[in-house]
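Chemist: Please find one structure pasted underneath; my questions will follow.
The values are calculated or read from the model by the stated rules, or taken from the named source; none is laboratory data. None of the values given here were measured: they were computed from a predicted structure. Cβ atoms come from the backbone with ideal geometry, glycine included; neighbour counts cover every protein chain shown. Note: accessible area is taken over every heavy atom of the protein model, side chains too, but ligands, DNA and RNA are not part of it. Shrake-Rupley method; radii C 1.70, N 1.55, O 1.52, S 1.80 Å.
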Amino acid sequence: MSLAALATAFLLIVTLGYVVKCWLSPFGDCRKCDGMGHELKTDRKGKTKRGRDCRRCDATGKRIRVGRWIYNRAARTYRAGTR
């Protein structure tokens with residue numbers, strides 16, 4: 001098996017794996033707050049406490065995956081074009 005065919009097969013497997021992941025679980029943890037919904041702050045004693053709500057995920061801790069966002073946008077465009 002040549003190197004190009006091996007690289008193509010690897011990229012195909014990775015892409016299909018990501019498609020399946022976006023289909024089964026369209027929402028992933030927020031990258032800014034690590035899925036907690038808020039930031040952690042420390043007081044002057046060094047104890048951790050809850051900080052502000054995450055603005056990126058609206059304090060849910062979940063965000064839509066990039067692949068699912070692309071699929072939703074393409075499906076919406078297709079539906080709008082076939083009406």
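Chemist: Just for segment 1-43: of the residues that are loosely packed, with under 10 Cβ neighbours inside 10 Å and modelled with pLDDT under 90, which one is nearest to Asn72 (Cα to Cα)?
Modeler: Looking at the filtered set, the residue picked out is Met1.
Chemist: Contact list please: Cβ distance under 6 Å, first residue in segment 19-30 and within 18 Å of Gly61 (Cα to Cα), second residue open to solvent by 30 Å² or more (accessible area, probe 1.4 Å) and part of a helix (DSSP H, G or I), pairs at least six apart or on different chains.
Modeler: Cys22/Arg68; Pro26/Arg68
Chemist: Can we say Arg83 is outside any helix (DSSP H, G or I), exposed (fewer than 11 other Cβ atoms within 10 Å of the Cβ) and in contact with a Lys or Arg (Cβ under 9 Å, 6 or more places away or on another chain)?
Modeler: It is false that Arg83 is outside any helix (DSSP H, G or I), exposed (fewer than 11 other Cβ atoms within 10 Å of the Cβ) and in contact with a Lys or Arg (Cβ under 9 Å, 6 or more places away or on another chain).
Chemist: In segment 63-80, which residues are under 27 Å from Glu39 (Cβ atoms), open to solvent by 100 Å² or more (accessible area, probe 1.4 Å) and among the basic types (Lys, Arg)?
Modeler: Residues satisfying the conditions do not exist here.
Chemist: Can you pull out the residues in segment 15-41 that are more than 11 Å from the chain's Cα centre (by Cα) and farther than 27 Å from Gly51 by Cβ?
Modeler: Selection gives Thr15, Leu16, Gly17, Val19, Val20, Trp23, Leu24.
Chemist: Arg63: in contact (Cβ under 8 Å) with a residue 40 or more places away in the chain and not in a loop (DSSP other than H, G, I, E, B), yes or no? Before the answer, list the steps.
Modeler: On the way: in contact (Cβ under 8 Å) with a residue 40 or more places away in the chain: no; not in a loop (DSSP other than H, G, I, E, B): yes.
When the stated conditions are applied, Arg63 does not pass them.
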